[in-house]
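Student: Have a look at the structure that comes next, please.
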Number of protein chains: 2
Amino acid sequence: MPKISQKGADMPESPIRKLVPYAENAKKNGVKVYHLNIGQPDIQTPQVALDAVKNNTIEVLSYARSEGSETYREKLAGYYKKNGVDVTSNQIIVTTGGSEALLFTLGSITDFGDEIIIPEPFYANYNGFSIANGINVVPIVSSIDQDFALPKIEDFEKLITPKTKAILICNPGNPTGYLYSKEEIQKLKALVLKHDIFLIADEVYREFVYDGIQHHSILSESGIDQNAIVIDSVSKRYSMCGARIGCIVSRNKEIIQTTLKYAQARLSSPTYALLASEAALDTPQSYFDEVIEEYVDRRNTLINELQKIPNLKVSKPKGAFYCIAELPVANADHFAQWMLEKFSHNNETVMVAPASGFYSTKGSGKNQIRIAYVLNKESLIRSVALLKLALEAYSN
Amino acid sequence: MPKISQKGADMPESPIRKLVPYAENAKKNGVKVYHLNIGQPDIQTPQVALDAVKNNTIEVLSYARSEGSETYREKLAGYYKKNGVDVTSNQIIVTTGGSEALLFTLGSITDFGDEIIIPEPFYANYNGFSIANGINVVPIVSSIDQDFALPKIEDFEKLITPKTKAILICNPGNPTGYLYSKEEIQKLKALVLKHDIFLIADEVYREFVYDGIQHHSILSESGIDQNAIVIDSVSKRYSMCGARIGCIVSRNKEIIQTTLKYAQARLSSPTYALLASEAALDTPQSYFDEVIEEYVDRRNTLINELQKIPNLKVSKPKGAFYCIAELPVANADHFAQWMLEKFSHNNETVMVAPASGFYSTKGSGKNQIRIAYVLNKESLIRSVALLKLALEAYSN
């Protein structure tokens with residue numbers, strides 16, 4: 001019998017999905033499960049995007065242009081300009097989700113055995129995309145006690161080797177909710193310029209920033225045109241996770257030319273989703289204002305409620321819709337599974353993502369969980385109450 | 001300035017798209033271009049698929065299940081059963097196009113530096129997916145003089161090394177139009193069993209077989225459950241190239257589990273396209289009957305017309321909608337570009353795909369082109385007339 005490869009064996013299981021069978025089982029047993037485990041917002045997709053698909057007049061569902069149509073990329077460039085990032089349509093490659101944007105980027109700048117440095121905890125699938133490309137993730141620890149702020153630059157420098165091709169950040173961060181300041185971005189800029197490496201910023205949560213703070217894109221910095229690559233996606237911005245449309249933005253011509261070759265190899269992004277994504281750019285500002293107001297309210301509710309739990313540590317997120325909580329348990333993987341398998345209160349329980357899957361350093365984050373505040377306030381209050389009850393029961 | 005990687009540099013430009021700027025230029029100069037260069041059918045997408053999207057009631061465009069919904073995979077299993085392939089829903093992973101299906105498959109069975117053997121000429125993007133996975137394509141020549149039949153098994157055996165992980169075939173073939181017989185499939189079966197390697201069959205053109213011959217899937221063979229992996233797609237079957245939905249089908253559990261991890265890393269296939277693809281399974285048989293009748297007619301027309309051109313060699317395709325023609329020119333790349341740049345007749349010209357991009361052996365196929373018969377009969381007749389005139393003018 002022919003065998004799978006080492007790479008195939010090394011591909012990680014999704015930490016968010018590992019517990020899914022237990023959740024399904026709980027549901028079969030009549031238990032209601034509150035899902036704080038996955039970044040699937042309950043927010044309605046903008047009507048203008050939904051309508052573009054419902055009213056489509058396609059008769060032959062043809063390939064789209066590999067890099068995205070000129071008109072869509074023009075409109076995207078307009079969106080970035082409005083957000084303080086001056087780019088042109090030919091500095092954009094449209095991709096099938098942010099996932100593909102990162103996959104193409106890594107494929108364009110790394111060879112087998114190369115390294116990328118990522119502050120951890122980080123979005124778990126960065127591991128998968130790295131393994132798929134045959135490269136190694138070099139984690140640099142950010143701490144819950146510093147709210148997951150940027151690690152010290154000298155700590156980054158200690159990790160840089162001739163194999164280091166890039167530093168990858170997620171800003172605002174999944175799973176931390178941390179928003180890098182202008183000063184932190186400028187420190188990273190100096191670092192990548194000094195070492196002549198790339199700076200990749202996953203900015204898919206750009207719109208989700210709170211407390212009046214501004215998001216600072218790496219592309220709004222001057223002097224790193226050749227180093228800066230932004231990963232973007234419509235998934236969170238417009239609550240269009242199922243569209244699978246994203247893009248790569250860079251002023252580095254070689255990056256655009258090389259990622260284009262990857263885009264051509266897979267021919268096209270999904271045509272219906274492109275219709276929706278292009279139309280979504282006409283979403284009125286009021287939509288975002290309401291969404292942000294809702295998320296601020298959810299975040300405040302969640303953090304307030306969590307802080308009432310004894311011996312639980314949580315940092316207040318400034319962006320995205322996640323937070324990391326440190327629990328008074330030794331093994332959050334076990335606890336999360338236990339909540340689905342053994343715990344319920346009035347036939348309800350809660351599903352969270354154990355944070356260990358967001359760390360690449362073995363043994364890190366064992367007592368942490370990621371909570372996505374993608375449910376309404378009432379559900380969040382009940383979820384945290386369930387978490388509190390579960391922690392009490394678990395410790396007995 | 002940071003550099004792209006060797007892998008990025010090695011990614012091939014799409015041979016089908018290399019000439020696009022010349023075609024665009026011709027159009028700007030008022031020349032009508034007949035497109036025989038790309039496998040984008042002009043056939044209408046089944047109404048039932050179009051309607052499923054137009055009548056959708058989605059309000060939150062959420063992620064789909066990474067491996068495809070249970071109901072879609074159940075229906076797909078039903079489709080395969082109807083086509084003589086007995087598989088269950090848990091032997092199917094739904095992917096974002098056939099492209100992703102092959103990418104995940106190669107990622108699951110190969111490590112850096114491994115080899116796959118492919119009869120050439122082959123679908124050009126197999127090169128790109130191989131480079132993206134850090135593996136080497138080992139070509140085995142099939143000849144136009146044998147209508148691109150399966151090369152001799154002893155020639156395959158000469159190429160097998162400890163690094164050989166799979167043989168990849170496309171059946172019926174793009175770009176050859178060749179349909180492997182049951183006997184040829186059985187020879188390959190014996191070969192992969194003997195050497196304990198995988199047999200990957202890209203069967204996306206399964207429906208497009210002519211002259212009453214039956215398509216013989218590798219999965220309808222018994223005894224190679226652990227070796228056989230089928231790559232499939234809705235793109236050609238339902239003229240839904242822009243959907244970007246495909247799948248991996250295998251009875252090998254490890255393959256399914258491993259490709260699932262890749263599917264989870266990219267979260268989801270496009271949700272709207274999944275709606276269309278599931279609905280497309282209800283396309284009435286009459287649709288296919290008409291489409292096949294149309295393609296047979298087109299093929300016969302094309303081959304008849306081509307055979308009238310002196311010193312042109314062409315093999316009659318038994319499937320798919322391509323053929324390879326050998327031209328009385330030294331360099332078909334140059335000739336194809338010349339037809340777009342320098343030639344026109346009554347303000348019309350024709351675009352073909354130089355076949356060199358479908359060969360991995362340097363220098364092979366230099367005098368060949370691939371013709372996709374995806375246009376109506378009238379356009380095909382005019383296209384071949386233009387080709388004939390161009391050849392005459394070119395030789396002077």
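Student: With a length cut of 15 Å (Cα positions projected on each helix's long axis) and a Kyte-Doolittle mean of at least 1.0, go through chain A and give me the DSSP H helices that pass.
Tutor: A:97-109
Student: Now for a separate question. Based on the Cα gyration tensor of the stretch B:82-238, what are the three equivalent ellipsoid semi-axes, each the root of five times an eigenvalue, rounded to whole Å and given largest first?
Tutor: 21, 19, 16
Student: Okay, next question. Roughly what percent of Cα-Cα pairs across the stretch B:175-243 reach past 13 Å?
Tutor: When every Cα pair of the stretch B:175-243 is considered, 66 percent fall beyond 13 Å.
Student: Still on this model: Nm distances between the label at B:Glu293 and the same-position labels in the remaining copies, 7 Å along Cα→Cβ, shortest first?
Tutor: 6.1
Student: Show me, bin by bin at 10 Å from 0, the whole-percent P(r) of chain B based on Cα pairs.
Tutor: Answer for chain B: a P(r) of 5, 23, 32, 26, 13, 2, 0 percent.
Student: Beyond 14 Å, what share of the Cα-Cα pairs of the stretch B:305-380 is found? Please give it as a whole percent.
Tutor: Working: 1856 of 2850 pairs.
Roughly 65 percent, once rounded to a whole number.
Student: Here's something else I'd like to know. Ranked by Cβ crowding within 10 angstrom, fewest neighbours first, how are A:Met11, B:Met1, B:Met339, A:Met351 ordered?
Tutor: The fewest-first ordering by Cβ neighbours comes to B:Met1, A:Met351, A:Met11, B:Met339.
Student: Need the C-alpha centroid separation for the stretch A:298-321 versus the stretch B:312-345, integer Å.
Tutor: So the two Cα centres are separated by 66 Å.
Student: Using a label point 7 angstrom from Cα along Cα-to-C-beta, what distances in nm, from shortest up, separate B:Pro21 from the other copies?
Tutor: 5.3
Student: Still on this structure, please answer the following. Placing unit charges on C-beta atoms (Lys and Arg positive, Asp and Glu negative, everything else neutral), compute the dipole magnitude of the stretch A:49-280 about its Cα centre in debye, rounded to 20.
Tutor: Values: 22 positive and 28 negative charges, 92 e Å.
With only Lys, Arg, Asp and Glu charged at Cβ, the dipole is about 440 debye.
Student: Under the convention of a label 7 Å out along Cα→Cβ, give the distances in nm from A:Gly78 to the same position in every other copy, shortest first.
Tutor: Here the equivalent label points are 4.5 nm apart from this one.
Student: Which of the trypsin sites (Lys or Arg not before Pro) found in the stretch A:69-116 are in a DSSP loop and have at most 11 neighbouring Cβ atoms, other than their own, within 10 Å?
Tutor: Hits after loop and neighbour filter: nothing returned.
Student: For the protein assembly as shown, state the average projected area of the convex hull of the C-alpha atoms over all orientations, rounded to one decimal in nm². Walk me through the intermediate numbers first.
Tutor: Numbers: hull surface 131.2 nm².
The directionally averaged projection comes out at 32.8 nm².
Student: Taking the Cα centre of each part, how many Å lie between the stretch A:348-389 and the stretch B:107-122?
Tutor: Taking the Cα centre of the stretch B:107-122 as reference, the centre of the stretch A:348-389 is 42 Å away.
Student: Now for a separate question. For the stretch B:165-238, what relative contact order do you get, as a whole percent, if you take Cα pairs closer than 8 Å and at least 6 residues apart?
Tutor: In percent, rounded to a whole number, it is 36.
Student: If you don't mind, there's one more thing I want to ask. Can you grab the distance from the C-alpha centre of the stretch A:125-170 to the C-alpha centre of the stretch A:268-292, Å, no decimals?
Tutor: 31
Student: To one decimal place, what orientation-averaged projected area in nm² is obtained for the convex hull of the Cα set of the stretch B:236-300?
Tutor: 6.1
Student: Counting helices only, and only those DSSP H runs with n ≥ 4, report the 222 nm mean residue ellipticity of chain A as the sum of -39,500 (n - 2.57) divided by its residues, in deg cm²/dmol to the nearest 500.
Tutor: Roughly -12000 deg cm²/dmol at 222 nm, from the helical runs in chain A.
Student: Averaged across A:370-376, how many Cβ atoms of other chains sit within 10 Å of each residue's Cβ atom? Could you put the intermediate results ahead of the total?
Tutor: Working: counts 0, 0, 0, 0, 0, 0, 0.
Mean shielding count: 0.
The numbers here are math on the coordinates, done by the rules we state, and not lab data. Since the structure is predicted, the reported quantities are computational estimates derived from the model, not experimental observations. Cβ sites come from the backbone with ideal geometry, for glycine too, and all protein chains shown count toward neighbours.
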